[in-house]
Amino acid sequence: MTPAGLFGVLILLLSLYCGIDPLKQSAISEFPDFEACRVELPAWSDVPTDKDSENLLQKSKIKFLNQIQGPESVAFDPLGRGPYSGVADGRIIFWNGEAWTDFAYTSPNRSELCDPKPSPLSYLKNEHICGRPLGLRFDKKTGDLYIADAYFGLLKVGPEGGLATLLTTEAEGVPLGFTNDLDIDDEGNVYFTDSSTEYQRRKFMLQIFSGEDSGRVLKYNPITKETSVLVRNIQFPNGLSLSKDGSFFLFCESSIGRLRRYWLKGDKAGTSEIFAILPGFPDNVRTNEKGEFWVALHCHRNMYSYINSLYPGLRKFLLKLPITARTQYMLQIGLRLHALIVKYSPEGKLLQILEDSQGKVVRAVSEVEEKDGKLWLGSVLMPFIAVYDLK
């Protein structure tokens, strides 16, 4: 048989294997209804190639190692105290200057199912019971803490903490499936993201692999108690942050790798537009005191993930190979967990990029909170908070 013929037979056998999946060891073997969707990516030539050649994030200091599991969001209260963070076991905890103390909960269930475990991913099985607080924001006027819990929806708790009060769990009759991040305007309106109505957070890898577009950006009105949909059919909406003047907010499109701006005031009010194309997959976005935007990215986009996003048939074929979901995920992010954060001006100009491309010190950054000349870096996957000194 010629080499070409042998190659053809090999492709045929692989196609047959993937069609049948006889060993049931693929990343999607337990999900027979899984469908892969095309991700509407920008042109490869438009993806920024800027890099931090000095890997400055390697100068970050690791704080609270193994004291805090999966601190997705980092927040400081109106008096400057903190940080506060939501962790993998469902608690929101507070650093009082000497130790971490319990501050609030999103779930009334604090059974042994929610006891401390060795890693953030250890909690996935019971997240829907224990809660998983993600985005955190303080109302600067009232001191109330607003919480986006992946399973319980939008909640708030007073300055004294305790069990949070549920505000909303649905919009237009459709339940929230993966509440992710939020921000609050001066009138108390809450803008927040629902990353998916198809996949819960404990199946986040399937959502990444799928590229489905059931995500929404929503608004909760505290006066009418109504929740409305502002933007729909988004591929993994994630972090959200208001501009300093309140005229618009930005939200991250994680699957596509870009920031979108939604106008709240002016001639464009009620419309959205592309704000910036990002060099990788974003998580949260936060506004600093100057009105600039810090964006946390889990990794650089690579050609493998780019081609997979454009061709869902190929992606589904590869996902049916006897390769674990974790390995498939590592291929998507370039085989190693690393860190990348970028800063944009209010006009969408890239101002700064910081990274640890080798993941030696900082990995899988979920959020960047700037305070007093320091960047506090949260991570939904890591057991620590990293702090980078800007001075």
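No lab work stands behind these numbers, since they all come straight from the coordinates. Note that this is a predicted model, so its numbers are computed, not measured. Cβ coordinates were reconstructed from backbone atoms using ideal geometry, including for glycine residues, and neighbour counts include every protein chain displayed.
Just want the ordering: VAL362, VAL217, from fewest to most Cβ atoms lying within 10 Å of their own Cβ.
In order of increasing Cβ crowding within 10 Å: VAL217, VAL362.
Karplus couplings for region 229-243 from phi (6.51 cos²θ - 1.76 cosθ + 1.60, θ = phi - 60°), rounded to Hz, Gly and Pro as x?
So the J values, rounded to whole Hz, are 9, 8, 9, 10, 6, 10, 8, 6, x, 9, x, 8, 8, 6, 5.
Which of the following values of Rg and Dmax of the Cα atoms in Å was calculated from the structure shown: (i) 20.3, 73; (ii) 20.9, 77; (iii) 19.8, 64?
Evaluating Rg and Dmax of the Cα atoms in Å on these atoms matches (ii).
Which lysines have a Cα lying under 22 Å from the Cα of LYS244, excluding residues fewer than 8 positions away in the same chain?
LYS140, LYS141, LYS219, LYS265, LYS268, LYS290, LYS343, LYS349, LYS371, LYS374
Going 7 Å from the Cα of GLN25 along its beta-carbon direction, which residues of region 312-342 have the amide nitrogen within less than 13 Å of the resulting point?
321-325
About the Cα centre of region 256-390, what is the dipole size in debye to 20, counting +1 per Lys and Arg Cβ and -1 per Asp and Glu Cβ, all else neutral?
Its charge dipole is roughly 620 debye.
Checking the cross-link filter: which aspartates and glutamates have an alpha carbon closer than 14 Å to that of LYS156, excluding same-chain neighbours under 8 positions apart?
By straight Cα distance, LYS156 reaches ASP77, ASP139, ASP144, ASP181, ASP183.
To the nearest 500 deg cm²/dmol, what mean residue ellipticity at 222 nm is calculated for the chain from DSSP H runs of n ≥ 4 alone, each contributing -39,500 (n - 2.57), summed and divided by the residues?
Using -39500 (n - 2.57) per qualifying helix, the result is -4000 deg cm²/dmol.
What list of ³J(HN,Hα) values in whole Hz, one per residue of region 121-137 in order, does the Karplus curve 6.51 cos²θ - 1.76 cosθ + 1.60 (θ = phi - 60°) give from phi, with Gly and Pro shown as x?
6, 5, 8, 3, 4, 10, 4, 5, 9, 7, x, 9, x, 10, x, 10, 8
Among SER29, SER243, SER85, determine the one that fluctuates most according to a GNM of the chain built with springs between C-alpha atoms less than 10 Å apart.
Maximum among the listed residues: SER29.
Taking the Cα centre of each part, how many Å lie between region 280-332 and region 104-183?
Here the answer is 25 Å between Cα centres.
To the nearest 0.05, what FRET efficiency results for GLU160 and GLU198 with a Förster distance of 30 Å applied to their C-beta separation?
Calculated value: 0.20.
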